[in-house]
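**Q** Sharing a structure with you now.
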Amino acid sequence: MKAPVFEEFDAASDCDCPGCAQWRRIMPCSSSPSFSPAPSPSPSFSCVSGAVGRPAVRRALVLAAAASTVLGAGPSMTAVAATHGPARPGIPAGDEPGTPQGGKAPLHGPAGKPAPATKPGTLSKAPATTRAEIINRAKTWIDAEVPYSMSEYWSDGYRQDCSGFVSMAWNLPGNEWTGSLDTVSDRITRDQLQPGDILLFHNPANPEKGSHVVIFGGWTDYTHTYYIAYEATPPHARKQGTPYAYWKNSDRYLAYRYKGLAESASGAKPAAGKGAGRFPGAAYFGPGANNKYVTQLGRLLVARGAGRFYTSGPGPRWSAADGRATRAFQRAQGWTGADADGLPGPLTWSYLLGKKGKDIPPEGSTGPKEPNGPGAEGSGGNGSGLNGSGVSGAHGPGASSHGVPGYPGRGMFRPGASNTYVTKLGRQLVKKRFGKYYTSGPGPRWGEADRRNVEAFQRAQGWRGGAADGYPGPETWRRLFS
């Protein structure tokens with residue numbers, strides 16, 4: 001009977017699979033174990049000093065196990081899985097340290113030697129920088145595709161891991177790590193996050209388990225569920241759309257803001273008169289919008305006589321009441337047509353905040369007309385681009401303030417749905433060159449081809465997971481029709 005063939009392997013020091021773990025247990029740390037057969041039928045071994053190394057031990061064990069199997073000399077040795085487990089992400093090969101990032105370290109010079117003048121972690125005054133400078137520095141590593149390493153240093157003196165990347169972007173005088181970055185920054189809330197801030201997870205009990213830090217680059221859309229993350233991670237520095245707060249350990253990430261930030265360093269709300277009254281943008285209003293600016297708009301309108309349009313609220317979700325109230329205010333200024341479409345633009349916003357113009361007249365009263373007022377000749381209404389999209393007549397009934405057809409709701413795009421919105425969606429997908437899954441149509445009945453084409457479009461935006469499920473939401477709709 002032919003003996004089975006066994007493969008000899010070295011137990012990887014960083015592998016968690018049962019096979020490698022078993023070999024590390026049965027072969028202690030001695031550098032020179034030798035095999036000592038026991039009188040019992042089962043093979044045994046011990047670590048004693050001698051000239052025979054581990055390869056010989058493994059060969060002896062393998063031969064003993066083979067002989068036991070073939071000759072039936074006794075109970076066979078328990079089989080050990082030879083397949084290695086998947087490599088743990090974030091743990092590079094070589095002689096790297098055993099944590100996902102190095103500790104505190106000074107900047108390193110061109111020869112790879114530390115610069116003795118720097119003392120990381122002892123900042124008496126954080127060097128001043130701006131958000132633009134932080135993002136621009138982060139982009140230099142991303143453009144250069146700086147390789148990830150916990151022990152190597154880039155030409156600028158910063159360690160090539162996640163915390164070294166943040167130290168570089170913040171222009172710190174030394175390399176910090178996830179356990180010290182909070183000493184040069186202040187805690188902020190999720191709502192206060194702005195480009196240049198960080199999301200930090202440090203596990204003090206075991207820094208090897210998940211500790212990581214990324215630079216916040218801005219939200220991808222108004223839902224604030226995905227953001228652009230700048231980070232150093234294997235195999236190299238990258239910029240990528242990321243679910244808030246991160247792919248793993250999401251509930252353990254905390255937001256921080258660099259103490260030396262030259263603008264809004266405290267994270268407090270802007271002072272009145274310094275951008276507080278700036279129009280947030282057309283995309284924050286219209287069907288599907290759900291944000292604090294819709295609430296603010298409603299309250300401003302109620303203060304100008306629009307209370308009768310609301311049965312509840314105002315609230316953060318855009319409703320027909322918001323549209324009717326906005327239209328009533330615009331008409332009270334004498335604006336007509338596209339200049340009174342019920343969707344706020346910069347001019348409507350400035351009138352409401354500045355308490356300018358006329359209030360909404362009581363119900364049953366039309367109020368005075370202003371034929372030569374703002375918007376009568378396109379000087380200040382939607383037609384000129386000051387109060388809306390800049391395209392006269394772009395907004396029709398049910399239209400969104402960002403100049404695209406209003407989002408009809410998720411219920412229009414589900415298995416079994418058949419309506420004109422499915423056809424409109426399909427035609428726009430084809431127009432955007434995301435119609436390869438259609439074999440006919442597109443038509444009014446929702447099908448798998450529609451879903452797969454939408455999924456392809458969503459993935460092209462950098463979205464993953466539930467954000468790329470193939471079912472269009474308000475942001476997918478907005479981007480598709482923009």
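The values are calculated or read from the model by the stated rules, or taken from the named source; none is laboratory data. As the structure is a computational prediction, the values presented were derived from the model and not from experiment. We place every Cβ from the backbone using ideal geometry, glycine too, and count neighbours over all the protein chains shown. We work out accessible area using only protein heavy atoms, side chains counted, and drop any ligands, DNA or RNA first. Shrake-Rupley method; radii C 1.70, N 1.55, O 1.52, S 1.80 Å.
**Q** Just to be sure, is Arg257 open to solvent by less than 50 Å² (accessible area, probe 1.4 Å), among the charged types (D, E, K, R), at pLDDT 85 or above and over 21 Å from Asp359 (Cα atoms)?
**A** Taking the combined requirement at face value, the residue satisfies it.
**Q** Filter region 305-363 for residues that are over 23 Å from Pro405 (Cβ atoms) and among the β-branched types (Val, Ile, Thr); which is most open to solvent (accessible area, probe 1.4 Å)?
**A** Restricting to residues being over 23 Å from Pro405 (Cβ atoms) and among the β-branched types (Val, Ile, Thr), the top hit is Thr311.
**Q** How about region 224-240: which of its residues are closer than 21 Å to Tyr284 by Cα and either in contact with a Gly (Cβ under 8 Å, 6 or more places away or on another chain) or open to solvent by less than 10 Å² (accessible area, probe 1.4 Å) (or both)?
**A** Answer for region 224-240, where residues must be closer than 21 Å to Tyr284 by Cα and either in contact with a Gly (Cβ under 8 Å, 6 or more places away or on another chain) or open to solvent by less than 10 Å² (accessible area, probe 1.4 Å) (or both): Tyr226, Tyr227, Ile228.
**Q** Only one of these conditions is not met by Glu370: (1) under 18 Å from Arg478 (Cα atoms); (2) surrounded by 15 or more Cβ atoms within 10 Å (Cβ to Cβ); (3) at pLDDT below 60. Which number is it?
**A** Here Glu370 meets the rest and fails (1).
**Q** Could you list, in sequence order, all residues of region 171-199 that are open to solvent by less than 10 Å² (accessible area, probe 1.4 Å) and either on the phi > 0 side of the Ramachandran plot or at pLDDT 95 or above (or both)?
**A** Result: Gly196, Asp197, Ile198, Leu199.
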